[in-house]
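The values are calculated or read from the model by the stated rules, or taken from the named source; none is laboratory data. Because the structure is a prediction, the values reported are computed rather than measured. Note that we place each Cβ from the backbone using ideal geometry, even for glycine, and neighbour counts take in every protein chain shown. Only protein heavy atoms, including side chains, enter the accessible area calculation; ligands, DNA and RNA are left aside. Shrake-Rupley method; radii C 1.70, N 1.55, O 1.52, S 1.80 Å.
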Amino acid sequence: RKTMPASSSDRRDALAVSMPTTWSELTEAQLLYVIGLLAMGMPAERAQVYAFLRFAGLGIVKADADTLILRRGGDLCRIARRDLLLGAMSLDFMQEPPDVPPRPAEWQGRKAVDAQMHGVPFGHYLQIENYMQRYIAQPDDALLLPMAALLYPGYSKKYVPPLLRYAMLHWLTGLKLFFARAFPDLYRPVKADADEPADLRGAMLAQVRALTAGDVTKEQTVLNVDTWTALDELNAKAREARELEKIYKKH
């Protein structure tokens, strides 16, 4: 083994590693590791340090108040704690909601549906959204099983472990932010009234009615259409309605 002195060049060599800087740059293995840390309730700032060490292939051999001795392969290096914290700042994105829908591609042999819901029936997406919003409003593990079965078709366990629960909620949070950019007229910010719970069923029925133009015979067809096709149409209708409203206000 080789022990290196605590020179500035040694610190740069130890910490000069390529790091992901966004959620979308994480590999599958890295995503699972990060989700695992956060699912345990670890503060994001601390999780960043753990993730930095893991991704850099560094292990802590010894630590005191101000310095750390790290191992990479067969070499040892002494660095200041502040240098490690500076290096971990490249993972600051871990403190923010995901800007894309990141998710494990499979879980216990069950492949996930498309991360952005391409090819997912609109009816399934409405169910997923319903379970998600209900869980956020009032956490209930009974809501997680049908959600998991929709996101990972064939998932039939009687229990959703904490890691999968966090992974699903993390995925759907990123999906909502992604959809807000992809369909800006449909997903516009609204002021929530804390005294009035959201009418989830009413909102879903309104979307279906908008697509069927009130023709109930078309409802099943709409529920089976691709999610993106449905959202594209709803976004166009929302944009048209807003433009008409502007015209009416002028007159």
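Report D for the range 40-107 in µm² per second (integer): Stokes-Einstein, Kirkwood Rh on Cα pairs, 10 °C, 1.306 mPa s.
The Stokes-Einstein estimate is 118 µm²/s.
Give me the extension gain from residue 221 to residue 62: residue separation times 0.36 nm, minus the current Cα-Cα distance, reported in nm with one decimal. Before the final figure, lay out each step's value.
Values: separation 159, 0.36 × 159 = 57.24 nm, distance 6.31 nm.
This chain segment gains 50.9 nm when fully extended.
Under a crude label model (7 Å from the Cα following the beta-carbon direction), how far is residue 236 from residue 75 in nanometres?
Computed distance between label sites residue 236 and residue 75 equals 5.9 nm.
Quick one: length gained pulling residue 134 to residue 180 fully straight, 0.36 nm per residue minus the C-alpha distance? Walk me through the numbers on the way to the answer.
On the way: separation 46, 0.36 × 46 = 16.56 nm, distance 1.96 nm.
Going from the current span to full extension adds 14.6 nm.
Please work out how much length the chain gains when fully extended from residue 96 to residue 110, using 0.36 nm per residue of separation minus the C-alpha to C-alpha distance, in nm with one decimal. Display every interim value, and only then the final one.
Numbers: separation 14, 0.36 × 14 = 5.04 nm, distance 2.82 nm.
2.2 nm is the gain from fully extending residue 96 to residue 110.
Exceeding 27 Å between C-alpha atoms, which entries from my cross-link table qualify? They are 111/158; 111/218; 158/218.
Values: 111/158 18 Å; 111/218 30 Å; 158/218 35 Å.
As for pairs spanning more than 27 Å Cα to Cα, those are 111/218; 158/218.
Cα gyration tensor of the range 86-187, axes a ≥ b ≥ c as square roots of the eigenvalues: rounded (a/c below 1.5), prolate (a/b > b/c) or oblate? Don't skip to the end; give the middle numbers.
Working: a/c = 1.59, a/b = 1.22, b/c = 1.31.
It comes out oblate by the Cα gyration axes.
Could you tell me which of rounded, prolate or oblate describes the range 17-77, using a ≥ b ≥ c as the square roots of the eigenvalues of the alpha-carbon gyration tensor, with rounded for a/c under 1.5 and, failing that, prolate when a/b is larger than b/c and oblate otherwise? Provide the component values of the computation, followed by the final result.
Working: a/c = 2.38, a/b = 1.49, b/c = 1.59.
It is oblate, given that a/c is not under 1.5 and a/b is not larger than b/c.
Does the range 73-130 come out rounded, prolate or oblate by the C-alpha gyration tensor, with a ≥ b ≥ c the root eigenvalues, rounded set by a/c under 1.5 and, if not, prolate when a/b is larger than b/c and oblate if not? Intermediate results must be reported in sequence, preceding the final value.
Details: a/c = 5.13, a/b = 2.42, b/c = 2.12.
Taking the square roots of the gyration eigenvalues as a ≥ b ≥ c, the range 73-130 is prolate.
Just to make sure I understand: if all protein chains stay in place, what is the order of 240, 28 by accessible area at 1.4 Å, largest first?
Numbers: 240 100, 28 80 Å².
Putting 240, 28 in descending order of accessible area: 240, 28.
Using the basic label-point model (7 angstrom from Cα toward the beta carbon), what is the residue 45 to residue 213 distance in nanometres?
Calculated label separation equals 5.7 nm.
Enter the Cα centre distance for the pair the range 21-99 and the range 138-172, rounded to the nearest angstrom.
27
Taking a probe of 1.4 angstrom, what is the accessible area of residue 106 in Å², to the nearest 10?
Using a 1.4 Å probe on the heavy atoms, I get roughly 100 Å².
Would you check the accessible area of residue 181, probe 1.4 Å, heavy atoms only, in square angstrom rounded to 10?
Around 130 Å² of this residue is reachable by solvent.
Rolling a 1.4 angstrom probe over the protein heavy atoms, how many square angstrom per residue are accessible across the range 48-107? If you can, show how the numbers build up before the last one.
On the way: 3010 Å² over 60 residues.
About 50 Å² of surface per residue is accessible.
With r as the distance between the Cβ atoms of residue 243 and residue 118 and R0 = 25 Å, compute the FRET efficiency 1/(1 + (r/R0)^6) and round to 0.05. The partial results should precede the final answer.
On the way: r = 28 Å, r/R0 = 1.12.
Efficiency computed from Cβ-Cβ geometry: 0.35.
For the range 53-105, what % of the accessible area comes from carbon and sulfur atoms, probe 1.4 Å?
Values: 1420 of 2750 Å².
It is 52 percent, rounded to a whole number.
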